[in-house]
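These notes are about the structure you will find just below.
The values are calculated or read from the model by the stated rules, or taken from the named source; none is laboratory data. None of the values given here were measured: they were computed from a predicted structure. Here the Cβ positions follow ideal geometry from the backbone for every residue, glycine too, while neighbour counts run over all protein chains shown.
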Amino acid sequence: MPTAPPPAADPRFTSLLDALELLLDQIHAYELALPPNNHQALTALAQLREMAQQALNEAGDLAESPNQQTTQPTTKHPLSPREHEVLTLAAQGLTNKEIAYRLNLSERTVQFHLNGVFNKTGTNSRTEATAWALRKGWL
């Protein structure tokens with residue numbers, strides 16, 4: 001089982017840390033369920049586990065950073081209201097399908113908004129965008 005960092009000092013990171021811990025648990029379950037001769041799948045899961053663990057460690061470090069801004073954002077975020085809403089729900093661990101249902105959008109529209117977030121923040125994933133927005137005080 002993966003080892004999670006100590007509880008985060010910054011409560012804004014709770015959802016992100018919980019989602020990453022859940023991802024690591026799911027990866028572990030898949031690793032146990034696969035036959036030992038399925039080397040390609042096991043290798044892919046090992047790489048995914050390493051990336052998820054790194055993201056969990058980095059998010060934990062950011063959450064515990066004494067330099068965390070907890071009041072006002074450092075800068076006004078460049079996100080549209082809908083992009084901000086989608087990113088906020090993604091940061092809570094919701095899937096695209098869950099976000100689409102909650103906001104009465106299509107999954108494709110949710111992905112479109114997430115791509116807008118990625119482009120505006122220079123990030124490549126939901127986790128990275130969430131960490132970036134938390135660091136900037138946007139969430």
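Criterion first (buried (at least 17 other Cβ atoms within 10 Å of the Cβ), modelled with pLDDT under 90 and closer than 17 Å to Leu16 by Cβ) does Gly137 satisfy it? Judged against the criteria, Gly137 is not a match. For region 10-65, the tally of residues that are crowded, with 17+ Cβ neighbours inside 10 Å, farther than 18 Å from Arg135 by Cβ and of a type in the set (D, E, K, R) stands at 2.
In region 77-84, is there at least one residue being closer than 18 Å to Thr123 by Cα, part of a helix (DSSP H, G or I) and modelled with pLDDT under 80? Checked against the condition, which is being closer than 18 Å to Thr123 by Cα, part of a helix (DSSP H, G or I) and modelled with pLDDT under 80, region 77-84 yields no hits at all. Selection over region 129-139 of residues that are under 14 Å from the mean Cα position of the chain (by Cα) and in contact (Cβ under 8 Å) with a residue 40 or more places away in the chain gives a count of 7.
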